[in-house]
Amino acid sequence: MPKKKLKILGVHGLGDHRNSTWKQDWQTAVIKAFPGQDNIDLEFEFLSYDHIFENVDISAWEAMQAVWKLAQSGVSTALGGRRGVLGDVSDQVKWTAGYVVAWLEDEEFKRKTRALVLESLVDKQPDVVLAHSLGSLITYNAFTHQDAARPRVAAALRNARYVSLGSQIGNAFVIRNLSAGRIVPLPVKYWYHLYNEEDDVFTAPIKLWDASNFRQVDTYFDIDGFADHSPVEYLKHRNTIESVWRPVAELRLARGVRAFGSERVAGRRRPAAVREPGRQAKRALLVGINQYPHEQDRLEGCVNDVFRMSSVLQECSFAPASIRVCLDERATTAGITERLKWLLDDPRPGDERVFFYSGHGATIPEYGEDFEPDRKTETLVPWDFDWTPERAIVDDQIFSLYSQLPYNMRFAMILDCCHSGGMHRQGGAKVRGLNPPDDIRHRELEWNRQTNMWVPRGFKPLNRRFSSDDKASKRYFGDKGASTRIGRASLLRAQPEREYRQAKRREGIVGPYLPLIIEACAEKEFSYEYRDGATSYGAFTYALTKRLREQKRISFERLVKETGDELDYLNYKQRPQILGPKSVLSARVPWRD
């Protein structure tokens, strides 16, 4: 009986491979790892794009700027990544970053590599495409482009399994430049994403919750130096063997018989996921911090807010077991982000998830690609906050958890804090915001020689052409256009409005998931505490929950407006804000009668 053939197309990562042994290395690694070769004949083809890059010259300064662009895009110790000092990055990684960013920001580069990939796909008709590092970006760009809809290309893609390894596809800067903020499913038979959390070359995990033909395979290995990025180590990893090579081999031999693994078999879609008994379609994470380490920072009503919000959610049909709370010294950066992962894990259509935070807020002036302060970042203040990104809850640390959520589920963020700073005066209402220490404050000031006084530094707007609607731009980037704000995924939404709309028309892109965001006050206002008799609450939380219990059948938008009216009546100078998809704003708050 003749062997069955399996054609494999390899696409290398960055670096000049013309005089290297990469083809033989890859081939040897796959042959050693691939089971069932008595009945399957492996045929290898390779694609090189070195000739497109041979005349590209990246300066040291451009390489360092590229490192910043990739490193600041969602890489955080709190979520498993490594946000290191730029000077600690190896020279090889710097040059890799330089060429990745050069390709991302040059449409002509992308056009040339896209044409090369699609031409090779039609010519070689591979059963499996292996793409490493920049090669994965190049192939992903080709497979998601409108050119891939051409009949011969589309047919070749439908018959191919795609394996991305050592890939930066999930890096926020890459997502923004390739797909306007959202990774999309690929029109391939199956997509395996091999991910190693120790790979320092700006790689990132991928969550495609609503794609039936996608699986991330964790391929952990830790080797000194640049070796954590090695394609050979990915290809021969034991999890790659069990989760990729063995299913591919068995499916190749089975031809219509259900085999090991979770792929679609013989062109039929796998059955839709069945809800497991006891699975929680509704989940809530409630965080409250009164007892900050420094006595002058301590609050009084935040823990009470959590219990009050929990009671209201249970009245809105959340089961007690579906609500987790995180209070005081347990609400560290790691403690909150670990629970956020639980909150947003395994989302399904129709699910409802709520994140409620009651505590201090702050704004951190941060460094930009020129390595001087050029923007501000809103942050929630965890118990171990120290004015560094490693000990803060900022949007670029959490949007990887929510930005790719299915559109047909609901996620709400309710934040009772402010980001304007301002400690309370003796005997006055307490403000839920922190003033920065002097060394941090210095970043946002400059010396004015005309007045001989310190004045606010003029920060650079993050995206001047984000929207023709000035109010929309302020909601995302603040009054000065220089702030990254909680819940907006603004680092993924940085395309100018015209380019974004063109991408939507051309490629069907609709952007990242946007939560329903309800905030206690406007950007420059304060969030205050309130005493109900002898019991302290957040003024916003108390008014919001009180209004909801009185009204019950009310839309989110109307609820926030009436909460603001009540705070105004009580002489609290804070106006709650709401942001989200229009269909959600006008929807009624679910209430169990």
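The values are calculated or read from the model by the stated rules, or taken from the named source; none is laboratory data. Not measured: the values here are computed from a predicted model. No Cβ is skipped: glycine too gets one built from the backbone with ideal geometry, and neighbour counts run over all protein chains shown.
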Can you find even one residue in the range 366-376 that is over 16 Å from V394 (Cα atoms) and basic (K, R)? no
Only one of (1) over 30 Å from V201 (Cα atoms); (2) modelled with pLDDT of 95 or more; (3) hydrophobic (A, V, I, L, M, F, W, C); (4) surrounded by fewer than 21 Cβ atoms within 10 Å (Cβ to Cβ) is not met by F214, so which one is it? (1)
Which ones in the range 345-367 are under 24 Å from F307 (Cα atoms), outside any loop (DSSP other than H, G, I, E, B) and either without any contact (Cβ under 8 Å) to a residue 12 or more places away in the chain or under 20 Å from the mean Cα position of the chain (by Cα) (or both)? E352, R353, V354, F355, F356, Y357
Which one of the conditions (1) farther than 24 Å from R111 by Cβ; (2) more than 28 Å from the chain's Cα centre (by Cα); (3) surrounded by 13 or more Cβ atoms within 10 Å (Cβ to Cβ) does F46 fail to meet, given that it meets all the rest? (1)
Of the residues in the range 337-376, those that are closer than 30 Å to A60 by Cα and at pLDDT 90 or above number 1
List pairs: first in the range 191-202 and in the same structural domain as T219 (by TED's automatic domain parsing), second among the aliphatic types (A, V, I, L, M), Cβ under 6 Å, 6+ apart or cross-chain? Y192/V163; Y192/V217; Y192/V244; H193/I206; L194/L165; L194/V217; V201/V93; F202/L70
Out of all the residues in the range 578-587, is one or more modelled with pLDDT of 95 or more and of a type outside the set (A, V, I, L, M, F, W, C)? no
Restricting attention to the range 539-558, does a residue exist that is surrounded by 17 or more Cβ atoms within 10 Å (Cβ to Cβ), within 14 Å of E525 (Cβ to Cβ) and touching a Ser or Thr at 6+ places or on another chain (Cβ under 7 Å)? yes
Looking at the structure I just gave you, is Y537 over 29 Å from S490 (Cβ atoms) and at pLDDT 95 or above? yes
Do we have A412 as more than 18 Å from I578 (Cβ to Cβ) and either of a type in the set (D, E) or touching a strand residue (DSSP E or B) at 6+ places or on another chain (Cβ under 7 Å) (or both) here? no
If I filter the range 549-559 down to residues being touching a Leu at 6+ places or on another chain (Cβ under 9 Å) and closer than 19 Å to G580 by Cα, which single residue comes out as modelled with the lowest pLDDT? I554
Considering each of E329, E300 in turn, give the residue that is touching a residue at least 40 places away in the same chain (Cβ under 8 Å), part of a loop (DSSP other than H, G, I, E, B) and either not assigned by TED's automatic domain parsing to the domain that holds T541 or not hydroxyl-bearing (S, T, Y) (or both). E300
Determine, yes or no, whether L137 is closer than 30 Å to Y513 by Cβ, under 26 Å from the mean Cα position of the chain (by Cα) and crowded, with 24+ Cβ neighbours inside 10 Å. yes
Please find, within the range 212-253, the residue that is farthest from N408 (Cα to Cα) out of those that are small (G, A, S) and in a helix (DSSP H, G or I). G225
For the range 490-500, indicate whether the set of residues that are among the aromatic types (F, W, Y), over 26 Å from D210 (Cα atoms) and crowded, with 18+ Cβ neighbours inside 10 Å is non-empty. no
Does the range 468-488 hold any residues that are in contact with a helix residue (DSSP H, G or I) (Cβ under 8 Å, 6 or more places away or on another chain) and crowded, with 18+ Cβ neighbours inside 10 Å, and which are they? G481, S483, T484, R485, I486, G487, R488
Could you check the range 1-43 and list, in sequence order, the residues that are part of a strand (DSSP E or B) and within 32 Å of the chain's Cα centre (by Cα)? I8, L9, G10, V11
